1. Which one of these is touching a Ser or Thr at 6+ places or on another chain (Cβ under 8 Å), closer than 30 Å to Val58 by Cα and surrounded by 10 or more Cβ atoms within 10 Å (Cβ to Cβ): Asn103, Asn94?
2. Show me the helices (runs of 4 or more DSSP H) entirely contained within the stretch 49-125 in which 2 or more residues are touching a residue at least 60 places away in the same chain (Cβ under 8 Å).
3. What are the residues in the stretch 126-172 that are under 22 Å from Asn103 (Cβ atoms), in a loop (DSSP other than H, G, I, E, B) and β-branched (Val, Ile, Thr), if any?
4. Considering each of Arg71, Arg160, Arg169, Arg114 in turn, give the residue that is surrounded by 11 or more Cβ atoms within 10 Å (Cβ to Cβ), at negative phi and out of contact with any helix residue (DSSP H, G or I) (no Cβ under 8 Å at 6 or more places or on another chain).
5. Please state which one of Val154, Val166, Val148 is in contact with a Pro (Cβ under 8 Å, 6 or more places away or on another chain) and under 22 Å from Asn94 (Cα atoms).
6. Answer with yes or no whether Ile62 is within 20 Å of the chain's Cα centre (by Cα), of a type in the set (Val, Ile, Thr), surrounded by 11 or more Cβ atoms within 10 Å (Cβ to Cβ) and modelled with pLDDT of 85 or more.
7. Which residues, taken from the stretch 96-124, are of a type in the set (Gly, Ala, Ser) and under 19 Å from Ser64 (Cβ atoms)?
8. Just checking, how many residues over the stretch 106-124 are among the polar types (S, T, N, Q) and touching a Ser or Thr at 6+ places or on another chain (Cβ under 9 Å)?
Amino acid sequence: MYRHSLWDYTLYGTGGNRGTRQPPTATAWGTTHARPPRRPGIRIRFGAVGQHGSIAVVDRFIRSLKEEGLRKILVSICQGTFHQQVLSYTAWNNIHRPHTFLNGATPDERYFGRRPANRAPRFEPRARWPRGSPCAKPQTLVKGQPGVRLELAVTFEGGRKHLPIVTLRRVA
């Protein structure tokens, strides 16, 4: 019985070539080519075998998966439970976690062509702060009037305490 590798589930969401870092076979996309669909601004990363740093982004994802996702939990020996834990981490990583490599955007924002949240107008909690003064990169406009009161809300992906979702809300 063929079992899909963890790599296939985390990166492609489907089965692929076991034991390699190659994309799944072309039948997953219904073509005769072994390439995923093309999206603007997204490119396939190929690494040189044996070259240090040639697949740094992929290696960083695997390291993050291990350190942030799997070392903080008791890993189940039940394949279904383990699969759910990995999918929960992958969803949090793609939807809620900004990435330096993507200039502060999340993978979902980049993949679906949405405007990154860090480019949206920001709240300014300092009452006398000049509206036009620069902020941390990326530079954005101030939303509303300066001096707004904010509440920091922290929720967790799937109730897992090691996967925080942090949001700022305006307090009335």
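The values are calculated or read from the model by the stated rules, or taken from the named source; none is laboratory data. Owing to the predicted nature of the structure, the values given are computational and were not obtained by experimental measurement. Every residue, glycine among them, receives a Cβ derived from its backbone with ideal geometry; neighbour counts consider all protein chains shown.
1. Working: Asn103 fails: touching a Ser or Thr at 6+ places or on another chain (Cβ under 8 Å).
So the residue among Asn103, Asn94 that is touching a Ser or Thr at 6+ places or on another chain (Cβ under 8 Å), closer than 30 Å to Val58 by Cα and surrounded by 10 or more Cβ atoms within 10 Å (Cβ to Cβ) is Asn94.
2. Per the criteria, 79-95, 107-111.
3. Thr140
4. Values: Arg71 fails: surrounded by 11 or more Cβ atoms within 10 Å (Cβ to Cβ); Arg160 fails: out of contact with any helix residue (DSSP H, G or I) (no Cβ under 8 Å at 6 or more places or on another chain); Arg114 fails: out of contact with any helix residue (DSSP H, G or I) (no Cβ under 8 Å at 6 or more places or on another chain).
Answer to the check: Arg169.
5. Values: Val166 fails: in contact with a Pro (Cβ under 8 Å, 6 or more places away or on another chain); Val148 fails: under 22 Å from Asn94 (Cα atoms).
After applying the criteria, what remains is Val154.
6. Numbers: within 20 Å of the chain's Cα centre (by Cα): yes; of a type in the set (Val, Ile, Thr): yes; surrounded by 11 or more Cβ atoms within 10 Å (Cβ to Cβ): yes; modelled with pLDDT of 85 or more: yes.
It is true that Ile62 is within 20 Å of the chain's Cα centre (by Cα), of a type in the set (Val, Ile, Thr), surrounded by 11 or more Cβ atoms within 10 Å (Cβ to Cβ) and modelled with pLDDT of 85 or more.
7. Narrowing the stretch 96-124 to residues of a type in the set (Gly, Ala, Ser): 104-105, 113, 117, 120.
Answer for the stretch 96-124, where residues must be of a type in the set (Gly, Ala, Ser) and under 19 Å from Ser64 (Cβ atoms): Gly104, Ala105.
8. Looking only at the stretch 106-124, we keep the residues that are among the polar types (S, T, N, Q), and these are 106, 118.
Those left that are additionally touching a Ser or Thr at 6+ places or on another chain (Cβ under 9 Å): 118.
So the count comes out to 1.
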